[in-house]
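To keep things clear, I will list the structure first and then write my remarks on it.
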Amino acid sequence: MTRSIATRTGDDGTTSLLYGQRVPKDHPQIEAVGAFDELNVALGAARLLVSEPALLALLRAVQQNLVALMGELACAEADAGRYLDSKLAKIIPADVQRLDEAVAELEARGLKFDGWATPGANPRAIALDQARVTARRAERRLASLPAHGRNVRPEVRQFVNRLSDLLWLLARAAEA
């Protein structure tokens, strides 16, 4: 017999963290995981408008990183070490470096941060801007976790911040 997605355990307004601890569905960690899930969907939508193999590969890699990030955030603080010791994927410095290199490559083309943008030049640019604002919302949820007792590794914070910057540049490039 196959397992159903409808476990009914959340009918009381709670959900499980990765290693079984139950928390309210509006718990800050669940809010953060949900925000990154939304970002993953937004990147998937943006990917539909991309044809360049290198950019497609970068966006796919970022989506895989987001799955790892969500797994890490879905652990209670008491289980963070257990997660880090597991074989599950994690954000590592090389992931941050990949985003830094992509930002540098775009900036080398003359794309710079010049203040506010007016999104909507074309479907690709708006999809990337939608992903960017979703990334910034997810970053705010991530930044709130330490105040709620859940520490966040520096690589995770750096990755999310660089991703938002990269998405801004990619949207500007799509407008050009």
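What follows draws every value from the coordinates through simple rules; no lab data is involved. All values reported here derive from a predicted model rather than from experimental measurement. Virtual Cβ from ideal backbone geometry, glycine too; neighbours counted across all protein chains shown.
Data overview
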| item | result |
| --- | --- |
| Sites excluded, chymotrypsin sites (Phe, Trp or Tyr not before Pro) in DSSP loops with at most 15 other C-beta within 10 Å, longest stretch of the chain | 20-112 |
| Charged-residue dipole, Cβ positions (Lys, Arg, Asp, Glu), segment 98-139 about Cα centre, Debye nearest 20 | 180 |
| Charged-residue dipole, Cβ positions (Lys, Arg, Asp, Glu), the chain about Cα centre, Debye nearest 20 | 220 |
| Trypsin sites (Lys or Arg not before Pro) within segment 19-59, DSSP loop, no more than 14 other Cβ atoms inside 10 Å | 25 |
| Most mobile of 55, 17, 88 in a GNM of the chain (Cα contacts under 10 Å) | 88 |
| Helix-derived mean residue ellipticity, 222 nm - over the chain, DSSP H n ≥ 4, -39500 (n - 2.57), to 500 | -20500 deg cm²/dmol |
| Size of charge dipole - segment 62-106 - debye, nearest 20, with Cβ of Lys, Arg +1 and Asp, Glu -1, no other charges | 180 |
| Dipole axis of the chain (+1 Lys, Arg; -1 Asp, Glu on Cβ), positive-most option in 5, 17, 30 | 5 |
| Globularity ratio of segment 1-101, using Cα Rg and 2.2 N^0.38 Å | 1.26 |
